[in-house]
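The values are calculated or read from the model by the stated rules, or taken from the named source; none is laboratory data. The shown structure was predicted, so the numbers you read here are calculated from the model rather than taken from an experiment. Ideal geometry is used to build each Cβ from the backbone, glycine not excepted, and the neighbour counts take in all protein chains shown. For the accessible areas, the whole protein counts, side chains as well, though only heavy atoms, and no ligand, DNA or RNA atoms are used. Shrake-Rupley method; radii C 1.70, N 1.55, O 1.52, S 1.80 Å.
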Amino acid sequence: MPHVIGQPTSRIDARRKVTGRADYAAEALLPGMAHGVLVGATIASGRVEAIDTTAAERAPGVVLVLTHRNRGRLGAMPSGLDWTTGQALDPRPPLADDHVRYHGQYVALVVADTLEQAQHAARLVAVRYQEQPPLVALDDPRAPRVAPEAALGVPLRIERSAPVAPLDIDVDVACGDHGDCRGALAAAPVTVDHTYTSPAEHATAMEPHAAIASWTDGELVVHSSTQYVGGERAALAAAMEVPVERVRVVAPFVGGMFGSKIATGGHAVLAALAARQLGRPVKVVLTRPQVFATVTHRPASAQRITLGAGPDGRLQAIRHHTVTQSLVEDGYPDDNEYVEPTTFTSRMLYACPNYESAHELVRLNQMKPGWVRAPGEALCTWALESAMDELACRLGIDPVELRRRNHAAVRPGDGKPFSSKHLLACYDRGAERFGWAQRDPRPGSMRDGDVRIGWGMATATYPGLRLGATVRLRVERLDGSVTATVSTAGADVGQGLYTVVAMTAADALGLPVELISVELGDTRLPPCAQAGGSNLTASVASAIVDAAGELRRRLGVAPDAPFADAVLASGEAAVEAEATSTVIVGETDRLAFQSFGAVFVEVRVDPDLGRIRVARVVGVYDVGRVLNPLAARNQLAGGVVWGLGQALLEGLAYDPVHGQPINGDLAGYLVPVHADIPAIDVGWIDAPDLDFNPLGVRGMGEIGITGVAAAVASAVHHATGVRVRDLPISPERLLG
Ligand code: MOS
């Protein structure tokens, strides 16, 4: 049996998708289904003084109008970061009281027989507000600032017995700090000290968030656009105050998520609540502006990076101070503070004996930010890699050479070995594929007629995560042949999980891919972590290999012997095994698991108009073993596209007076379109990380975005001599 792993394999669900037979959340048609439309606040800060629903209730077809006055009881939703318990997008339950903390926050749900009736009646809900001036800007001096305790559940501050140099901001000692940064910066022959900013960036999944809730005999079933059915089940069970066994969440297909569908939205909670009250299914789908206003986004940020180096470019100190936005408090406990974990990256990317970090949060009247596309790494590499380019320019050292000189052979700070690190090979191979040796380092020196050409590069990185999966493998006889079914609750959100699961099972069992069925995205299936953190392939594939091994042992089949014959010979109608992969979050006691890469960008800039075209991108990545090269290319190039959006286009803007998102739709919020995207050449080292899992795969969903924004900014500087430190790099930033 030829092996399928490593072979470019088309998606096994492709035909279903292109023929409209892939079931997305909003597409379920349930008998008697009613339609809910959410009404959002038209202020960003203040109170609902009066809400009159009389006209809405009298409108044709309306069956229910929920507001904070008649909502009834909801249980407290989990807001911690425990992946097994789920969490709420907004830590405050929907329609909790008359407080308004951000524009678009739900103030009513109108349910009617048809969508049009609900839309009509939603406009008849009359709300009078008491408005306060909202806080919408990161640098607003009125906005409360706090130093967070933890990021992604990992402590940011620790107690140390040894005295350390004080920081000039309100933070004691930060976790991950090492050496004497203050002293080393003072002594360093060369320092670079700049602040890099970025606006709120939205996940912008194509499929809007949607939920259809129905109750049968006290059991809740929710068709939901979620990247984590298990978490959504736990969050909804908590809100509805029913045991988790009485809740089923179904998400066989999800139309993109990028972090925004990990947590459970108020729309799903209110759909479940309304469905229970009405005794009929209720569907709620967010409008595009509601997605932008009420679903998590990457926080706006300001990162100050201070580098100290010797004349040879070797780093002597790195200092990293990150300020990101958070949501205002109003009395509801928010133990799930979202802190963009930027310093997890800066503390380990380069060999540097002295490191110091700090985080601050600024509380604003905007939806609570959260996970979006390489949270932490995408922002850190924007700032740190820009600073590295500035250091390279300052010292006249080639940017690739500067990174080589600062390569970390072991993890800085604690000296833990990396399980498998091939970053130097990424630099070499990327530079060669790009033709980096031809670069004239002088800014503005490379031209094509009037067009200025710029070449920039950056390091990419993302941790190796396994958040755990249980997989059931069932092999059945069928007409003298055998078939297999692989089942797990993990979701295929577009990354290609169906296919890679089938491929892994095919090789593990020695069966053709065509004979493998895959069931995903349903809490009735064996539990599985979220499709997030680029972890699912590593988590699920490990469990498949183990389950197949268990079946082989049981039937006495040697690892390479054909499996089907043994099943047929055994006389059993079906054999079944389950296996669970353990959780690894970036490290074990012994090893650190981290992916790396190098990304090279060519921009062409029209100096009169400030127009920037990205002409080509080369990225080479060390992501462990690649199971499906077709999907890998798709994931990595897709990540680069995110990075180009972050670099040049994206930014959610808020009106400073009323706090309303002013470009919160797909016309105003710019993302790259096909015409913006050049040839993207992605490659990989393909070195299996066998300490991470039996297949050696580390995942590649998010690393593609990392480093891209800095590579583009560095290329723009190389083309024009203008250093842009604020994203996005829009044309006006290049015009004097
Ligand atoms: Mo991703 S931001 O880990 O879904």
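Antiparallel versus total DSSP beta bridges in the range 315-467: what percent is that, nearest 5?
Working: 3 of 13 bridges.
Beta bridges within the range 315-467, antiparallel portion: roughly 25 percent.
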With every protein chain in place, the range 442-483: carbon and sulfur % of accessible area (1.4 Å): 41
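In what sequence, largest accessible area first, do 224, 570 appear using a 1.4 Å probe? Working shown, then result.
On the way: 224 0, 570 50 Å².
From most exposed to least exposed: 570, 224.
Once neighbouring chains are kept in place and the probe is 1.4 Å, which whole percent of the accessible area of the range 7-84 is contributed by carbon and sulfur? It would help to have the intermediate numbers written out before the result.
Details: 2160 of 4140 Å².
Ligands and nucleic acids excluded, carbon and sulfur reach 52 percent.
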Given a 1.4 Å probe, how much area per residue of the chain is accessible, in Å²? 37
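Calculate the dipole size of the range 528-595 relative to its Cα centre from +1 charges on Lys and Arg beta carbons and -1 charges on Asp and Glu beta carbons; express the result in debye to the nearest 20.
Using Cβ point charges on Lys, Arg, Asp and Glu, the range 528-595 gives about 80 debye.
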Rank 353, 313, 371 by how far each Cα sits towards the positive end of the charge dipole of the range 289-380 (+1 on Lys, Arg Cβ; -1 on Asp, Glu Cβ) and give me just the farthest. 313
What figure, in Å² to the nearest 10, do you get for the accessible area of residue 245 with a 1.4 Å probe and non-protein molecules left out? 130
With a length cut of 27 Å (Cα positions projected on each helix's long axis) and a Kyte-Doolittle mean of at least -0.5, go through the chain and give me the DSSP H helices that pass. 536-555, 629-648
With a Cα-only, solvent-free Debye model of the chain, what are the log10 I(q)/I(0) values at q = 0.05, 0.08, 0.11 Å⁻¹? -0.25, -0.66, -1.20
Förster radius 41 Å - calculated FRET efficiency between residue 131 and residue 424, Cβ distance, rounded to 0.05: 0.10
By accessible area (1.4 Å), largest first, 103, 297, 194 order as 194, 103, 297
Which whole-number percent gives the relative contact order of the chain, counting Cα pairs below 8 Å spaced six or more residues apart? 17
Computed accessible area, residue 368, all protein chains, 1.4 angstrom probe, square angstrom: 10
Sorting 295, 671 by accessible area (1.4 Å probe), largest first, what list results? 671, 295
Report in % the part of the accessible area of the range 270-364 that belongs to carbon and sulfur, leaving out ligands and nucleic acids; probe 1.4 Å. 53
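Roughly how big is the chain's charge dipole about its Cα centre, with Cβ charges of +1 (Lys, Arg) and -1 (Asp, Glu), in debye to the nearest 20?
That gives a dipole near 520 debye.
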At 1.4 Å probe size, what's the solvent-accessible area of residue 476? Round to the nearest 10 Å². 60
